[in-house]
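The values are calculated or read from the model by the stated rules, or taken from the named source; none is laboratory data. All values derive from a computational prediction rather than experimental measurement. Positions of Cβ are backbone-derived with ideal geometry, glycine not excepted, and every protein chain shown enters the neighbour counts.
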Amino acid sequence: MTAVLVVNAGSSSLKLRVLSADDEVTGGVDLAVTGGQADLAELKDAIGSLGTVGAAGHRIVHGGDIFSGPVLVDARVRQQLDALVDLAPLHQPKSLAALDAVQALMPGVSAVACFDTAFHATIPDAAATFALPAEWRQRWTLRRYGFHGLSHAYVSRRAASLLGAQPRVVSCHLGAGASLAAVRDGRSVDTTMGFTPLDGLVMATRSGSVDPGLLLWLEEHAGTPPAELAATLEYRSGLYGLAGTGDMREVLSRAAAGDSRAVLAREVYLHRLRALVASMAAAMDGLDALVFTGGVGENSAEVRSRAMAGLGFLGVREDAARNADGSGDREIGATGTAVRTLVIAAREDLEIARQVRQVLGAVAPANQLRPGRGDVQS
């Protein structure tokens, strides 16, 4: 196949990357996003500057209970994607706006939707099911979906390649958003994000897991409107809520200088991270490899070091020199330890390009629709 255009729509930017047939990045443009979408004239110019492509791969946050793999976008699929907006109202509209805009400018180029939730379709019912009434779970398809699947899929496969085996991996995607995945034999068996990306780890501005009773209390006794609760959990919590900044670099710098709020933020972040790494390991009956990726995971030797220091009981042990130095994909654990520890660069673009080729090169469609849950035809 010729080159693939990878389209990644975020909250403030639309990232375009062109990957050649041998996965070299041959071009790229980042466009500002205003009102949920990029300027069409700028997008047209950007696409024109990137050369000829054979297909476009679009990162779509939520595949719901419908899509368990990448899918060639046609009119039916596009309609199904609209039906999933309520599951990710902050993220899905941006992805769909980018999909529509690029398709309008490239009408003859096949578009493939690649989902952040799809990698976690293999999570067993014991891990995916909330202890809620059956009528609720069936009517609204309430389950643990998980996110960052494109990143977890890539780094777990890359770890297997580097280690020469298919290990039990805990993949730590640590960025502004953060999640862990337990990956056994290349398949996700548990993850920390749930029905929404708010669950699990402490993040830059997201709370991570919070007692639902606390939220009910705030609504009933403090009169906090649902919209305010949602905005606070999404944008004013996490590191920002604890330390007044969502930037881990600033948190660590201020903590080193003795700032009590920053120290607390650092310790809460690490406490949750270590606890959930152990939880992911438990889901696999053990751990062979721990992988750090994402902006914080790749760039903060201190976060990695402090996290590893609390995971010795699992067989994790840091090599301080390897952790502090070096770049690119590498091993940072001590030689001879039971658990291998690696840093791997996040490359969702490579995963999306791989999935595009999988769909367009396969004899049968690669988007396997999930077995129905409740009355949802999947």
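Tabulated data for the structure shown
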quantity: Residue match in region 54-75 (condition: surrounded by fewer than 20 Cβ atoms within 10 Å (Cβ to Cβ), within 18 Å of Thr2 (Cβ to Cβ), modelled with pLDDT under 95 and not hydrophobic (A, V, I, L, M, F, W, C)); calculated: yes
quantity: Pair list, Cβ under 7 Å, 6 or more apart: region 224-247 residue touching a residue at least 60 places away in the same chain (Cβ under 8 Å) and outside any helix (DSSP H, G or I), other residue among the hydrophobic types (A, V, I, L, M, F, W, C) and buried (at least 16 other Cβ atoms within 10 Å of the Cβ); calculated: Gly246/Ala176; Gly246/Ala204; Gly246/Leu239
quantity: Residue check, Glu302 part of a helix (DSSP H, G or I), touching a residue at least 12 places away in the same chain (Cβ under 8 Å) and acidic (Asp, Glu); calculated: yes
quantity: Residue within region 224-236 that is under 22 Å from Arg266 (Cα atoms), among the hydrophobic types (A, V, I, L, M, F, W, C) and either surrounded by fewer than 24 Cβ atoms within 10 Å (Cβ to Cβ) or at pLDDT 95 or above (or both) present; calculated: yes
quantity: Among the candidates Ala159, Ala153, Ala182, Ala204, residue that is in contact (Cβ under 8 Å) with a residue 12 or more places away in the chain, surrounded by 15 or more Cβ atoms within 10 Å (Cβ to Cβ) and part of a strand (DSSP E or B); calculated: Ala182
